[in-house]
Amino acid sequence: MGANHGEAPILEALARYGDTDELGFTPPGHKQARGADPRAREVLGDAVFYGDVLASGGLDDRLTRGGVLARAEHLMADAVHADHTFFSTCGSSLSVKAAMLAVTRPGHRLLVGRDAHKSVVAGLILSGVEPVWVEPQWDPCRHLAHPPSAAAYDKAFTEHPHADGALVTSPTPYGAAAELAEIADACHRRGKPLIVDEAWGAHLPFHEDLPSWAMDAGADICVTSIHKMGSGLEQGSVFHLQGDLIDPAELASRADLLGTTSPNVLLYAGIDAWRRQMVQHGHELIGQALELAARTRTDIEAMDGFHVNDAKDFCGPGLAADFDPLPVVMDIGELGTTGYRAADWLRAHHHIDAHLFDHRRISAQLTHADDERTTARLLTALRELADRATELRDTRRVAVPSAADLRMDQARLPRDAYFADHAKVPTAEAVGRIAAEMITPYPPGIPVILPGERLTEPVLDYLATGVEAGMFLPDAADQRLRTVRVVAEPSSP
């Protein structure tokens, strides 16, 4: 009997909870909004509090005999052709750590693309896994990294045959996708699993004009953020599993080890509702979004000073394998300003928030929620930005290194360096020292400096000039980068 995708088990259980007038002498302490501050109720609305119930002993009974969450996860797996699906209310930052720990273990090796998100590096620090870094494909003209090639993963496995598996990020926040089927083949020829961090790809299974999604490409585990390109609430994440290389019970155990014991049912409900929406209407909705993105791209490309990066810019030999057009990535180098300044100007003058920004680009992420009204407002703001660009040109130059200069030697394991005794030294004196912290421009959240890397002048200069130009480093101990945290050196005798 086929799955009934007209169901939304979690939403329906929430409705029943309200209809039966359940009375909980349990957390949460606001007790169905009755104890919430009236000022919070005015801003958030009572529906937020009404939907905030215990997962067991609330949404379901204390033994979860209704199978509410299990049925919702089964429907999600069916919708995207996975064998198993797990919901997470701690974002893909937790999901990817659970996936890593199901594939490898402390003291073992894992192949990891060096363009991985900081949550992957956090997983390495927490686990003590040794990364074998696989270099991204670097576009020297645009100073932009694309996912590593299958050949790079194959070579890394040849050099490190005892690595437990591999992790690749696809698509990137810029919309560049990896050759996933070929990377999966490089893993499976050796009996090793592939993890795909597909946080930006929740929509991929639902339209054929988008890059292939990880399960269809043969990945073993795929991690997806429902809140990024889907309709879920922030922190809503799922991870999918297929094949027989990873025990589902092991993956569930790792997720339980890391996850909260107080999951927010509102996040579960958002995931559940989005699955039903996509199965019933996703192809139409995403098709409309793709058509809107094509028109919007054409309109922006016609503006002076803007170039919209497209497949012809991102795909080809030595670059990405495929391309998602919904992140509308605009190169504004000809305007003579940075993405940081442009993003600040758009927020200050038009109340528009850019998806991501760097030394020469801004991006407007489009989804099925956008329409002619939202894109018209974007286009109006961008035209005025172009007209006012001369006011934004007194900006600091960002010293972007070459690909070779951007990479540093991993002198110690990330875990060992992070937990080592450390010292704060002036940035100018940090060259040659071993980093004891992660330093990550945000967005998009890809670390430039990892714990254990030996610091170099080009990288420190890049970050220092970036901060002066408007780059944000949220995880640095000193966000202004006047000092850097390094591994303490032994005292001189």
Worksheet entry | Only one of Ala199, Ala186 that is part of a loop (DSSP other than H, G, I, E, B), touching a helix residue (DSSP H, G or I) at 6+ places or on another chain (Cβ under 7 Å), assigned by TED's automatic domain parsing to the domain that holds Leu94 and at negative phi | Ala199
Fill in: Test set (1) crowded, with 24+ Cβ neighbours inside 10 Å; (2) closer than 30 Å to Val308 by Cβ - Asp220 fails condition number
(2)
Discussion item. Which residue is surrounded by the most Cβ atoms within 10 Å (Cβ to Cβ), if the candidates are limited to the stretch 439-493 and must be among the aromatic types (Phe, Trp, Tyr) and modelled with pLDDT of 95 or more?
Written reply: Tyr462
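Just to be sure, is Leu167 at pLDDT 95 or above and not in a loop (DSSP other than H, G, I, E, B)? Spell out the reasoning first.
Numbers: at pLDDT 95 or above: yes; not in a loop (DSSP other than H, G, I, E, B): yes.
Yes: the conditions hold for Leu167.
State which residue is nearest to Gly201 (Cα to Cα) when the search covers only the stretch 344-357 and only residues that are modelled with pLDDT of 95 or more and under 20 Å from the mean Cα position of the chain (by Cα). Quick ask: steps written out before the conclusion?
Step one: list which residues in the stretch 344-357 are modelled with pLDDT of 95 or more, which gives 344-354.
When the remaining residues are screened for being under 20 Å from the mean Cα position of the chain (by Cα), the result is 353-354.
Values: Asp353: 21, Ala354: 19 Å.
Result: Ala354.
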Worksheet entry | Candidates Ile195, Ile183, filtered to the one that is surrounded by 24 or more Cβ atoms within 10 Å (Cβ to Cβ) and touching a Gly at 6+ places or on another chain (Cβ under 8 Å) | Ile195
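With the condition kept exactly as written, say whether any residue in the stretch 419-434 is of a type in the set (Phe, Trp, Tyr), surrounded by 15 or more Cβ atoms within 10 Å (Cβ to Cβ), out of contact with any Lys or Arg (no Cβ under 7 Å at 6 or more places or on another chain) and farther than 18 Å from Ala464 by Cβ.
Let us first name the residues in the stretch 419-434 that are of a type in the set (Phe, Trp, Tyr), namely 419.
Filter once more, so that each one left must be surrounded by 15 or more Cβ atoms within 10 Å (Cβ to Cβ): none.
Looking for residues that are of a type in the set (Phe, Trp, Tyr), surrounded by 15 or more Cβ atoms within 10 Å (Cβ to Cβ), out of contact with any Lys or Arg (no Cβ under 7 Å at 6 or more places or on another chain) and farther than 18 Å from Ala464 by Cβ, one finds none in the stretch 419-434, hence no.
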Practice prompt. Report yes if some residue within the stretch 109-127 is on the phi > 0 side of the Ramachandran plot and either surrounded by fewer than 22 Cβ atoms within 10 Å (Cβ to Cβ) or in a loop (DSSP other than H, G, I, E, B) (or both); otherwise report no.
Written response: no
Worksheet entry | Residue ID - farthest from Ser95 (Cα to Cα), chosen from residues in the stretch 218-265 that are of a type in the set (Val, Ile, Thr) and touching a residue at least 12 places away in the same chain (Cβ under 8 Å) | Val265
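Regarding the stretch 171-189, can at least one residue be identified that is in contact with a Ser or Thr (Cβ under 9 Å, 6 or more places away or on another chain), over 30 Å from Ser363 (Cβ atoms) and of a type outside the set (D, E, K, R)?
Within the stretch 171-189, the subset in contact with a Ser or Thr (Cβ under 9 Å, 6 or more places away or on another chain) is 173-183.
Still in the list and also over 30 Å from Ser363 (Cβ atoms): none.
No - not one qualifying residue is present in the stretch 171-189.
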Worksheet entry | Selected residue (criterion: nearest to Ile246 (Cα to Cα)) from residues of the stretch 195-209 that are out of contact with any Ser or Thr (no Cβ under 7 Å at 6 or more places or on another chain) and acidic (Asp, Glu) | Glu208
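If I go through the stretch 279-307 residue by residue, how many of them are closer than 17 Å to Thr374 by Cβ and without any contact (Cβ under 8 Å) to a residue 40 or more places away in the chain? Write out each step before concluding.
First, pick out the residues of the stretch 279-307 that are closer than 17 Å to Thr374 by Cβ: 285-286, 288-300.
Adding the requirement that they be without any contact (Cβ under 8 Å) to a residue 40 or more places away in the chain leaves 291, 294, 297-298.
Within the stretch 279-307, residues that are closer than 17 Å to Thr374 by Cβ and without any contact (Cβ under 8 Å) to a residue 40 or more places away in the chain number 4.
If we scan the stretch 357-377, do we find a residue that is surrounded by fewer than 14 Cβ atoms within 10 Å (Cβ to Cβ) and over 30 Å from Gly282 (Cα atoms)? Show your work before the answer.
Filtering the stretch 357-377 for residues surrounded by fewer than 14 Cβ atoms within 10 Å (Cβ to Cβ) gives 369, 371-373, 376-377.
Those still in the list that are over 30 Å from Gly282 (Cα atoms) too: none.
Among the residues of the stretch 357-377, not one is surrounded by fewer than 14 Cβ atoms within 10 Å (Cβ to Cβ) and over 30 Å from Gly282 (Cα atoms), which makes the answer no.
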Worksheet item: Going through the stretch 167-217 one residue at a time, which ones are among the polar types (S, T, N, Q) and closer than 16 Å to Pro444 by Cβ?
Response: Thr169, Ser170, Thr172
Discussion item. If Leu126 satisfies all but one of (1) in contact with a Leu (Cβ under 9 Å, 6 or more places away or on another chain); (2) of a type in the set (A, V, I, L, M, F, W, C); (3) under 18 Å from Lys192 (Cβ atoms), what's the number of the condition it fails?
Written reply: (3)
Discussion item. For the list (1) over 26 Å from the mean Cα position of the chain (by Cα); (2) part of a strand (DSSP E or B); (3) within 29 Å of Ser231 (Cβ to Cβ), I need the number of the one condition that Val329 fails.
Written reply: (1)
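Taking the condition of being closer than 21 Å to Arg397 by Cβ and either part of a loop (DSSP other than H, G, I, E, B) or among the aromatic types (Phe, Trp, Tyr) (or both), how many residues in the stretch 355-369 meet it?
First, the residues of the stretch 355-369 that are closer than 21 Å to Arg397 by Cβ: 356-362.
From the residues that got through so far, the ones that are either part of a loop (DSSP other than H, G, I, E, B) or among the aromatic types (Phe, Trp, Tyr) (or both) too are 357-360.
Result for the stretch 355-369: 4.
Just to be sure before I move on: is Pro173 surrounded by fewer than 24 Cβ atoms within 10 Å (Cβ to Cβ) and not assigned by TED's automatic domain parsing to the domain that holds Cys315 in the structure I sent?
Details: surrounded by fewer than 24 Cβ atoms within 10 Å (Cβ to Cβ): yes; not assigned by TED's automatic domain parsing to the domain that holds Cys315: yes.
So Pro173 passes the test.
Taking the stated definitions as given, is Pro131 within 26 Å of Met330 (Cβ to Cβ) and either aromatic (Phe, Trp, Tyr) or in contact with a strand residue (DSSP E or B) (Cβ under 9 Å, 6 or more places away or on another chain) (or both)? Give the steps one after another, and end with the answer.
Values: within 26 Å of Met330 (Cβ to Cβ): no; either aromatic (Phe, Trp, Tyr) or in contact with a strand residue (DSSP E or B) (Cβ under 9 Å, 6 or more places away or on another chain) (or both): yes.
In short, no.
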Discussion item. Name the single residue that is farthest from Leu382 (Cα to Cα) among those in the stretch 283-329 being surrounded by fewer than 18 Cβ atoms within 10 Å (Cβ to Cβ) and of a type in the set (Asp, Glu).
Written reply: Glu284
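The values are calculated or read from the model by the stated rules, or taken from the named source; none is laboratory data. This one's a predicted model, so the numbers in the text were calculated from it and none came from an experiment. Note that we place each Cβ from the backbone using ideal geometry, even for glycine, and neighbour counts take in every protein chain shown.
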